[in-house]
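Before any comments, here is the structure.
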Amino acid sequence: MSTYPNGTNVPPTASVTHVLEFEKPIAKMEHEIHRLDALQAESGRDYSEVIAGIRGQLHNALRQSYAKLTAWEKVLVARHPRRPLTRDYIRMITQDFCELHGDKSYSDDQAVVCGFARLAGHRVMLIGHQKGRETREKIEVNFGCAHPDGYRKALHKMQIAAKFKVPVVCLVDTPGAYPGVEAEERGIARAIAVNLMEMSRLPTPIVAVVIGEGGSGGALGIAVADQVAVMEHAYYSVISPEGCAAILWKSGEYAAQAAEALRLTPQELKRLDLIDAIIPEPLGAAHRDPEVAAKSVSEWIGATLRDLRRLKTETLLRRRYERIRKLGSAFTQPKPLDGKPARRRGRARTAPAAEER
Amino acid sequence: MPESVGQPRRHVDIPQGLWIRCVQCGAMIYRRILEEGLHVCPECDYHYRIDARTRIAQLNDPGTFEEFLPDLESSDPLQFTDRVGYRERLAKTKEETGDTEAIVVGKGFIKGRPVIMGAMNPFFIMGSMGAVVGEKVAAAAERAVNESLPLVMVTCSGGARMMEGMVSLAQMAKTAAAVAKLDESGGLYIVVMADPTTAGVAASFAFLGDVTLAEPGALIGFAGPRVIANTIKTTLPEGFQKAEFMLEHGFVDRIVHRRDLRSEIARIIDYCNK
């Protein structure tokens, strides 16, 4: 993978292109700063005071708008075209990445990237969805929507990791598993199900970080772990807000309402006790300063793996099972919400099978 | 995600009345004949959707089924509201179905063989899985481990229950982890896929059986057919995602007519008896 046109390993910042609606005033200030910077360099005149003033305003505007993002705005930020992707994190936080291809069964699904890497002082097996940035890459990686082959590839690499006691790090970033004819023919449901089962008992530490989009079963297929974190401006949802709106509101136009109702932000997920940590992002989100975002991801993974690696495998697996087993249990209760018990149907409404005992 | 799939929307059961017109072949069928035939059309073998308690009565030896966790209900973790509140939706569904959730689990006997069994109710919010369904599936798998009994799950579901958001997605992990425990204990897990077995339920405990049976014509898959058709912008192949299609592609062990389910399950239990 080549570096970006700006000559670094970091995607160009948001100020250049792709402005979200709520960011328009922010973009205007960023643009003004760039303009004055250029003017200053060209003319040799001193605009530093003006620039400092705008920077102050910009800082406040960013702080204010990012402190009160709606659920839908979070979704938009999580999908921001300049938000760092799995391969960006690989460049920014790992050394000596050794990519391992193929599911050894059918294909090498480009929507899932796997390989050995060194990360925050650990040897790890890194697994991540890759959504792609430029059009050609997006098509190559199918927009991060994996086929069954991608899930089998991920599991195959995790099993190699387990054999050699290498911890697994999963970076989750997908709109969802691919809804297509071939995916069904090759058993996408079974592929995801098997990953959930095997990850629940894989005898090596697993950590998962939702770095952008946590889209439904396609995300969960590589996100069963000992510790799960979601980045501050990422989301994780049972269904896309658009899909939910189409079904329950009968129109995709209600996506913002659906996003709110689904409680898909990391802050809500933490409150529901479904995730373990929220990884902070730089002011104005990861796309404004990918290196700073990458540093927090690396620090969380490093510290979390340090703790997990101290545990005996038996303890690790027992805790993992207990963690998974209690997900959502607090929301089941042995009494009805409306105060009256359901009217039980006294009899089954069909004849039992002709008795042939 | 619950979604209506491939069959006319039905309420608790087939329509009232002595005579019923088959939705597939159009034949007029005497109601009692349909019921005695386990809700399978005697003319065309169309397998009607049936609720969990009807299923349990059909599969178990009469009077042997003992239910677990019958009163477990959802506490509406998200305080979810779309055009109607989830609480209202639950209350209405409870009223219509006479049941508390989309699955019934317990212990029963099939031709004298003790089993832990779960059966889903496709009429309870599309048989969708929220915290209660996940909890009951996990509890059933744990009971199967503790009592060293086979687990038989009859699945019919539109998937995860979106009104419980990520709580419902997490149930996929929970049920799969519980099935892993059963697998490690050496226990037998038989899945019977009924119409429809899709999305989050297909992609978790439904597709993890040691032996996977399916009823003829059952819709089985991950993404809903309409979603796929919208994505690829073309019509889907004939028979796509039906049980027969899944058999052909290697994801189902046997297709079994409803009248043969008891004997087939008993036979598999006997083959796997250690």
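The values are calculated or read from the model by the stated rules, or taken from the named source; none is laboratory data. Quantities reported herein were computed from a predicted structural model and do not represent experimental measurements. Please note: Cβ atoms are built from the backbone with ideal geometry, for glycine as well, and neighbour counts cover all protein chains shown. Just so you know, the surface numbers come from the protein's heavy atoms only, side chains and all, with ligands and any DNA or RNA stripped out. Shrake-Rupley method; radii C 1.70, N 1.55, O 1.52, S 1.80 Å.
State which residue pairs qualify: first residue in contact (Cβ under 8 Å) with a residue 12 or more places away in the chain and within 12 Å of A:Ile127 (Cβ to Cβ) and inside segment A:207-224, second residue hydroxyl-bearing (Ser, Thr, Tyr) and assigned to a helix (DSSP H, G or I) in any location, beta carbons under 9 Å apart, and separation of 6 or more residues or different chains. Going by the 9 Å Cβ cut-off, the qualifying pairs are A:Val207/A:Thr304; A:Val209/A:Tyr89; A:Gly221/A:Tyr151; A:Ile222/A:Tyr151.
Evaluating B:Gly37 against the criteria (1) in contact with a Pro (Cβ under 8 Å, 6 or more places away or on another chain); (2) at the interface with chain A (Cβ under 10 Å from one of its Cβ atoms) leaves one unmet condition, (1). Screening A:Phe143 against (1) surrounded by fewer than 22 Cβ atoms within 10 Å (Cβ to Cβ); (2) within 14 Å of chain B (Cβ to nearest Cβ); (3) more than 21 Å from the chain's Cα centre (by Cα) leaves a single unmet condition, (3). With the structure loaded, tell me whether A:Gly252 is of a type in the set (Gly, Ala, Ser), on the phi < 0 side of the Ramachandran plot and open to solvent by 10 Å² or more (accessible area, probe 1.4 Å) or whether it fails that test. Taking the combined requirement at face value, the residue satisfies it. Within segment B:153-169, the set of residues being at the interface with another protein chain (Cβ under 7 Å from one of its Cβ atoms) and at positive phi comprises just one member, B:Gly165.
Within segment B:1-40, the set of residues being in a loop (DSSP other than H, G, I, E, B), modelled with pLDDT of 90 or more and open to solvent by less than 40 Å² (accessible area, probe 1.4 Å) comprises B:Cys22, B:Gly26, B:Ala27, B:Gly37, B:Leu38, B:His39.
Candidates in segment A:1-47 are the residues that are at pLDDT below 50 and polar (S, T, N, Q); of these, the one that is farthest from A:Arg288 (Cα to Cα) is A:Ser2.
Beta carbons closer than 7 Å, at least 6 apart along the sequence or on distinct chains, pair a first residue in segment A:235-260 that is within 25 Å of B:Met172 (Cβ to Cβ) with a second that is modelled with pLDDT of 95 or more and of a type in the set (Lys, Arg) for A:Tyr235/A:Lys74. Consider segment B:170-208 and keep the residues that are within 7 Å of chain A (Cβ to nearest Cβ) and not in a helix (DSSP H, G or I). The one that is surrounded by the most Cβ atoms within 10 Å (Cβ to Cβ) is B:Ala203.
Test of understanding: among A:Leu327, A:Leu316, A:Leu283, A:Leu262, which residue is closer than 28 Å to B:Glu135 by Cα and open to solvent by 10 Å² or more (accessible area, probe 1.4 Å)? Testing whether each residue is closer than 28 Å to B:Glu135 by Cα and open to solvent by 10 Å² or more (accessible area, probe 1.4 Å) leaves just A:Leu327. For segment B:77-105, a tally of residues being over 17 Å from B:Val191 (Cα atoms) and without any contact (Cβ under 8 Å) to a residue 60 or more places away in the chain returns 16.
Per-residue answers, yes or no, for (1) surrounded by 13 or more Cβ atoms within 10 Å (Cβ to Cβ); (2) free of Cβ contacts under 8 Å to residues at least 60 places away in the same chain; (3) in contact with a Pro (Cβ under 7 Å, 6 or more places away or on another chain):
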| position | (1), (2), (3) |
| --- | --- |
| A:His34 | yes, yes, no |
| A:Ala38 | no, yes, no |
| A:Asp46 | no, yes, no |
| A:Glu49 | no, yes, no |
| A:Arg63 | no, no, no |
| A:Ala71 | yes, no, no |
| A:Gly115 | yes, yes, no |
| A:Arg136 | no, yes, no |
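For the condition in contact (Cβ under 8 Å) with a residue 24 or more places away in the chain and under 20 Å from B:Ala170 (Cβ atoms), A:Arg309 does not qualify. Has segment A:164-172 got any residue that is open to solvent by 10 Å² or more (accessible area, probe 1.4 Å) and either in a strand (DSSP E or B) or in contact with a helix residue (DSSP H, G or I) (Cβ under 9 Å, 6 or more places away or on another chain) (or both)? Checking segment A:164-172: at least one residue is open to solvent by 10 Å² or more (accessible area, probe 1.4 Å) and either in a strand (DSSP E or B) or in contact with a helix residue (DSSP H, G or I) (Cβ under 9 Å, 6 or more places away or on another chain) (or both).
Residues that are within 9 Å of chain A (Cβ to nearest Cβ) and under 12 Å from the mean Cα position of the chain (by Cα) within segment B:209-228 comprise just one, B:Ile220.
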